[in-house]
Amino acid sequence: MDISLLEDFKALAEYKNFSRAADSRGVTQPAFSRRIRTLEKWVGTELADRRTHRLELTAAGIRFLEVCEDISRRLHLGRQEAIDAASSASSLRFASTHALSLTFFPSWLRRHEAAIASTTVRLIADSMHGCERTMMQGEAHFVLCHHHPAALSRLDSDEFVSCVLGEDVLIPISAPDENGRPRYSLPGSADNPLPYLGFNEESGMGRILAAAWARQPQQIWLKPVFASHLAIVLKQFAREGRGITWSPKSLVETELANGSVALGGGPEWQVPMEIRLFRPRSRQMERVEELWSQASDAAAVSM
């Protein structure tokens with residue numbers, strides 16, 4: 001079987017649309033459809049339900065997708081480890097959400113220097129969606145991200161394990177007025193909704209906020225004016241007085257201390273989060289296992 005058919009099927013599962021999936025793979029839709037049919041013929045059953053308005057995977061397709069992702073990830077990791085072995089150099093590859101790559105990752109890595117001696121560390125900073133994709137494609141050994149039990153990610157599956165490295169909290173922030181009080185304060189009102197600087201759909205923190213709001217009994221009135229997956233951009237726009245946003249506390253501690261931003265709401269509007277490190281469940285190369293053992297042991301002691 002042509003291994004590229006697995007990548008085609010993964011694209012179809014992601015986009016839920018033959019035309020967009022074909023574009024992502026650089027082929028025409030008819031050719032892409034034939035390739036999916038070829039894969040289904042090899043598997044022996046339909047993998048996609050084409051009768052629904054929005055394409056969905058069949059039960060067989062859902063199960064086979066897990067196999068595709070695991071095979072693809074192992075192939076990519078195996079290829080990179082073979083390259084490392086041939087060059088007599090090893091590397092540890094991390095994918096991290098942007099905020100944690102700035103606030104948490106550097107100090108955390110310093111605490112584990114013994115496990116990374118003579119090893120090249122490579123860091124990809126991306127949105128949560130991008131980090132998930134990087135891990136699924138086998139291009140990272142670890143993913144560092146914020147996590148909330150009500151907003152599960154693609155990494156919350158039996159294929160991956162994780163440990164809690166620390167805690168953070170999403171807090172509402174606003175530019176202060178001349179008296180140091182927030183210019184925009186929650187919850188707003190139906191007549192005067194607050195200009196909202198929000199996270200877009202690629203953001204893990206956007207998912208976490210949406211899950212938290214679903215559990216929030218109090219009404220909130222917001223008027224979206226800007227969206228990004230970059231918390232640092234939203235923070236800057238809030239500082240400039242363009243609206244209210246939520247930010248990881250770890251990212252705005254300096255601004256809160258010097259008064260350049262103010263809390264835009266009380267504790268009821270704050271969302272506690274974990275900082276988690278994810279990795280594939282399957283055994284990895286020795287350097288990965290050494291770092292994982294050290295990091296998970298240290299995390300267990302500190303919790």
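Things worth noting here:
- Förster radius 30 Å - calculated FRET efficiency between THR119 and HIS76 (Cβ-Cβ, nearest 0.05): 0.95
- Qualifying trypsin sites (Lys or Arg not before Pro) in region 199-264, DSSP loop, other Cβ atoms within 10 Å at most 15: ARG215
- Considering only alpha-carbon pairs that sit under 8 angstrom and 6 or more positions apart, the relative contact order computed for the chain is 20 percent.
- Two-site FRET efficiency, ALA211 against GLN137, from Cβ-Cβ distance with R₀ of 30 Å, rounded to 0.05: 0.70
- Additional length obtainable on full extension of the chain from ASN258 to THR52, 0.36 nm per residue less Cα span: 68.7 nm
- The chain: angle of helix 204-214 to the longest principal axis, Cα-based, in degrees nearest 10: 60 degrees
- Counting only Cβ charges, +1 for Lys and Arg and -1 for Asp and Glu, the dipole size of the chain around its Cα centre is about 620 debye.
- With coordinates expressed along the principal axes, the C-alpha atoms belonging to the chain extend over 68, 54, 30 Å, beginning with the largest.
- Label zone at ILE62, where the point sits 7 Å out along the Cα-to-Cβ direction: region 15-35 residues whose backbone N lies under 17 Å: 15-16
- Fully extending the segment from ALA300 to ASP2 would add 102.9 nm, taking 0.36 nm per residue of separation and subtracting the current Cα-Cα distance.
- Between helix 4-15 and the chain: long-axis angle, C-alpha atoms, 0 to 90°, nearest 10: 30 degrees
- One way to sum up the overall shape of region 4-67 is the equivalent ellipsoid from its Cα gyration tensor, whose semi-axes run 16, 13, 11 Å, largest first.
- Cα-based shape type of region 214-303, given that a ≥ b ≥ c are square roots of the gyration tensor eigenvalues and the cut on a/c is 1.5: prolate
- For region 177-203 versus region 93-141, the spacing of their alpha-carbon centroids is 32 Å.
- You can think of it this way: the chain between VAL169 and ILE220 has 16.5 nm of extra reach, that is 0.36 nm per residue less the Cα-Cα gap.
- Degrees separating the helix 29-43 axis from the principal Cα axis of the chain, which is the longest one: 60 degrees
- Spin-label model distance (nm) - ARG20 vs ARG34, 7 Å beyond Cα toward Cβ: 2.6 nm
Read the figures in this text as sums done on the coordinates, not as results from a lab. These numbers were taken from a predicted model, which means no experiment stands behind them. Neighbour counts run over all protein chains shown; Cβ positions are idealised from the backbone, glycine included.
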